[in-house]
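In what follows, a structure is listed as structure tokens, so that the remarks can point back to it.
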Amino acid sequence: MSKGARLFPLLVLFVLALLVGIPLLAVVFISLKTGLPGQPGALTLANFRSVFLAPGTHIVLWNTIVFATGTMVVTLSIAIPMVWLLNKTDLPLKGFFYLLMIVSVLIPTFLRAIGWILLTSPRIGLPALLGIEELNFSLYNLPGMWFVQGISFVPASVFMLSAAYRAMDPALEEAAYTSGVGKLMTFWRILVPLTWPAIAAVFVYFFITAMSVFEAPAILGLPNGIFVLSSAIFEAVEARDGLPKYGEAGALGMFIIAVGFLASLFYVRIIKQTQKYAVVTGRGYKPRLVQLGRWKPFALGFVVLYFCAELLLPFLIFFWASLLPYLRVPSWEALNKLTLVNYANIFDYGGTEPFANTLILIAVAPLLTIALSIPVSWIVVRSRFAYRGTLDTLVFLSQAIPNIVLAVTLLYLFLITRSTLPIYGTIVTLILANVINSLAYATRTINSSMIQIHRELEEAAQVSGVPGFVTVIKVTMPLVAGAVFNGWLWVVLLTYREVTMALVLGSPDNRVISTVIWALWSEGRVPQVSALGVVMMATFFILVLLLRRVFGGFYADRLA
Amino acid sequence: MKIINRTFGRSVLGYMIALVYLATASTVPAQSKLESVIKATQQEGALTVNAPSSLSASERVQFVLTFLKKYGLKIDVQIDPSGGSMVRKIAKVAQEIAVGQPPTWDVLIMTDYHHSILFKENLSQQFDWSGTFGIDKKYVAYKNHSIVFATSFALPAYNSELVRKEEVPKSWDDVVSPKWKGKIGINNATHHWARLAQVWGEKRGVAFMKQLKALDPKLGSNAEIFTKLQLGEILVAATLTDSYLDQARKSGAPIKFAEINPIIAPQYMSGTLKGARHPNAASLFSAFLLSKEGQAIWEKTQGQSSLHTTGTQTWNYVQGRDVVVLEENFALSKIDGLSEQADKIFGFRR
């Protein structure tokens, strides 16, 4: 191995230590400080005492675990069959469903939650329309939160799992079918176990994400007094008695980081056994689709039902709201009030700058994330680098830091380095924050796909005298191109939608569309938010259609 | 109008005298001082203001042009309408100032409660408002750190399509009537209840909060409660601020105030942040907000004006009513504790 090849993993580790390690240490520092970062004060455990010894904290922790677990049950029970149907079967309209999944991500969770409240409210929703007066059903509880949050994670989970399912050699499935094993049994006994690393990646990633998401717990939990960790963090940050208690938020965040650390160890254990899951070998194959036969209508029904819940109903509410002067329940009278004024005024809400900034952000941040994720994934999954476990844990922990705590930490770091690194208040801060925030997702997506590629392919290239770097570019990369594309696309969506960090790191020079949407929402201007959302969804729909046409063909050819 | 607060006086007569004084005084400012501030502003060449996100792009342009025209300035003014919590914006400037950096904004336009935090945390600058701009001392708050330029209102609000006229609350006691059980919403601006406790006394204030809690209210942010009220998921919001009422009026939404006494009146304040890059421009902008032109444009765009300026919509509205204006001492010593208590009673906090 050349000296350059030996140094490369160390260089990647160094970059990651800068990007993730320093903010992580800063979070620890903030959690040990009272007052704001930068204000004088000694290091203390007071924040930990204050939050973990408070009465009711055990209930909050329990609620958090129950919420995250329930959410994952909802997510995985939809996502796993969905990914199989979309990637391994002859289900019709798959391309269209894939597009719908991308677009659905753009509906903010708070609007989705409001849509569901609107639909299920005994006073104004479907029960009222159907004349049902007494209905013992409410969304304002943990199952309601599981449902709304759980279905919102499905598209991202499908993206993450897709590449792994798509690239799989069908030989094992075919062997099962030849032996007379049914389709369902083959799915459970062959496909699920073979894609276990990808499923574990999804579970670990979204379990941790569920512990720190705020929207569904705030809209559906708080009205009924259900607190989870994210609402406790919000409580600390939105202190009513003076300045935010970032130290307490950091201390609560440390709990999520600790769980994230354990989850990461579990994940590293799985991916260390890469040989066990390698199903893409040197032998030529063409992924073959399973014929659904008489199960096709049921499969189609399942997918359509999901899209009704995830996209159609919330979108109809979204679209309906965008045409109204104010939000109201559908009626003949309301139809007479429809207007396009919310669309006509779109550029008046925030000016044109947020659009330009968003364009820069989604063009640069996902590209940097993927450029960094590919070497990280390769080192973690393919190399024998001694610290590959550390590297993966480091990447994963960036996901465990709640966004608000990460943003405050970065704000502090950018401030104290302002004179040497003058990026404070610029779009560069948002780019870096989003790169750190998206690394875990991108690497998990690429890892899941890379893990399935047998070493023999690279070994064959090396035996033929192809240098290591060229092998990665010419052999490994084409095989994981699907995962790279999915990862990139999802990071684009994540970056577009991210609002918490954009608010904290925001300045007059780096406003983006998500902060404009948030500002309109916090003013109660749902029709304006909806109009902006519909336009963005339409734009993304066309953009993704074009991208898939260009890149979809590219990686499909490579796989074939 | 009866303002229930010690700092701002108690009678209409007192206010009339103050207004006459202000009208006279503001036309004869300390001319040379004003000129030197204008000159210094021109030299600074820029200004960054954080204002409510409800200001549209065209309204911001209107604001800037009026300000520049009034003082004959040619400087770069940025009015940043970034949304999000006011407390977090304060935290951001606090962090910037703590590490010795200039704050992102020169001016923060916020409520009296939030300006009390700026003052307590030593994040704003003193300025001689009266000596420089001829501003009456009654408009000056927190030891010359902030000026009061507009008033908002918070009152119970109801959906007028779903609540019959005879059912509309006519007093605060009607708001806690059992008929609203499960049909009332409370927003997280719990300092509204602390403000009422300023005039009712702590005991009655806390008892009232408990009565509200017994109605099994829906909790949420201002925006969520406003949305639920429009949709009819709740029939009454225990309090809503007039910016939402203004929005409802403009869009035709059937949301109205229950006109009861006393009215909660949070004040909008402006002031220069400590370490601001453009301190003269910041002070001049704050003074502009109190000028005739500034008041007119704020009223046009935000639907609010100063309680203390004769003939404004706000002034007309409060005639014959009791108004709760936050006292400085109360803001600096009591409001936090009472708001926290309200948070716990309603369930916004554990």
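For this structure, a couple of remarks:
- Relative contact order (%) - segment A:3-559, alpha-carbon pairs under 8 angstrom, separation at least six: 22 percent
- Antiparallel DSSP beta bridges within the protein assembly as shown, percent to nearest 5: 55 percent
- 21 Å Cα-Cα reach of B:K256 towards lysines, excluding residues that sit fewer than 8 places from it in its own chain: A:K337, B:K165, B:K170, B:K179, B:K181, B:K183, B:K218, B:K228, B:K300
- Leading residue at positive end of dipole, chain B (Cβ point charges), from B:Q78, B:P178, B:P103: B:P178
- Here the spin labels are modelled as points 7 Å beyond Cα on the Cα-Cβ line, and at A:W188 and B:L68 they lie 7.1 nm apart.
- Each Cα pair under 8 Å and six or more residues apart adds its separation to the average, and for segment A:401-539 the resulting relative contact order is 32 percent.
- For the pair B:K120 and A:F298, label points projected 7 Å from Cα toward Cβ lie 6.3 nm apart.
- Calculated mean residue ellipticity, 222 nm, chain B: -14000 deg cm²/dmol, from DSSP H runs (n ≥ 4) at -39500 (n - 2.57) each, averaged per residue and rounded to 500.
- The phi torsions of segment B:141-152, fed into the Karplus equation with coefficients 6.51, -1.76 and 1.60 and a -60° offset, translate into couplings of 10, 6, 6, 6, 8, 9, 10, 9, 10, 8, 10, 10 Hz, rounded to whole numbers, with Gly and Pro shown as x.
- Taking amide H positions as modeled 1.01 Å from N, with prolines and chain starts lacking one, the residues under 5 Å from B:L219 and 5 or more places away or on another chain are B:I186.
- Under 22 Å of direct C-alpha separation, and excluding same-chain neighbours fewer than eight residues apart, A:K245 reaches these lysines: A:K33, B:K89, B:K92, B:K120, B:K274, B:K334, B:K344.
- Across segment B:254-264, coupling constants 3J(HN,Hα) worked out from phi with the 6.51/-1.76/1.60 Karplus curve, θ = phi - 60°, read x, 10, 9, 7, 7, 7, 10, 10, x, 8, 7 Hz, and Gly and Pro carry x.
- Rounded to the nearest Hz, the phi-derived 3J(HN,Hα) couplings of segment B:166-180 under the Karplus curve 6.51 cos²θ - 1.76 cosθ + 1.60 (θ = phi - 60°) are 6, 8, 4, x, 10, 8, 5, 5, 5, 5, 9, 5, x, 5, 8, where x marks glycine and proline.
- Rounded to the nearest 20 debye, dipole of chain B from Cβ charges on Lys, Arg, Asp, Glu: 420 debye
- Over all Cα atoms in chain B, the spread is summed up by Rg and Dmax: 20.3, 62 Å.
- Between A:T352 and A:T34, the distance separating the two model label sites (each 7 Å from Cα on the Cα→Cβ line) works out to 5.2 nm.
- Here the extension length gained between A:L305 and A:V181 equals 41.9 nm, from 0.36 nm per residue of separation less the Cα-Cα distance.
- Cα lying deepest toward the dipole's positive end in the protein assembly as shown, options A:A440, A:T71, A:V181, charges on Cβ: A:V181
- Amide H contacts of B:A141 (H built 1.01 Å from N, under 5 Å, at least 5 apart or other chain): B:S146, B:I147, B:V148
- Placing +1 on each Lys and Arg Cβ and -1 on each Asp and Glu Cβ, with no other charges, gives segment A:3-559 a dipole about its Cα centre of roughly 1420 debye.
- Taking the Kirkwood radius as Rh and the Cα radius of gyration as Rg, chain A has a ratio of Rg/Rh equal to 0.97.
- Estimated from helices alone, the mean residue ellipticity of chain A at 222 nm is -21000 deg cm²/dmol (sum of -39500 (n - 2.57) over DSSP H runs with n ≥ 4, per residue).
Bear in mind these aren't lab numbers, they're just calculated from the coordinates by the rules spelled out. All values derive from a computational prediction rather than experimental measurement. No Cβ is skipped: glycine too gets one built from the backbone with ideal geometry, and neighbour counts run over all protein chains shown.
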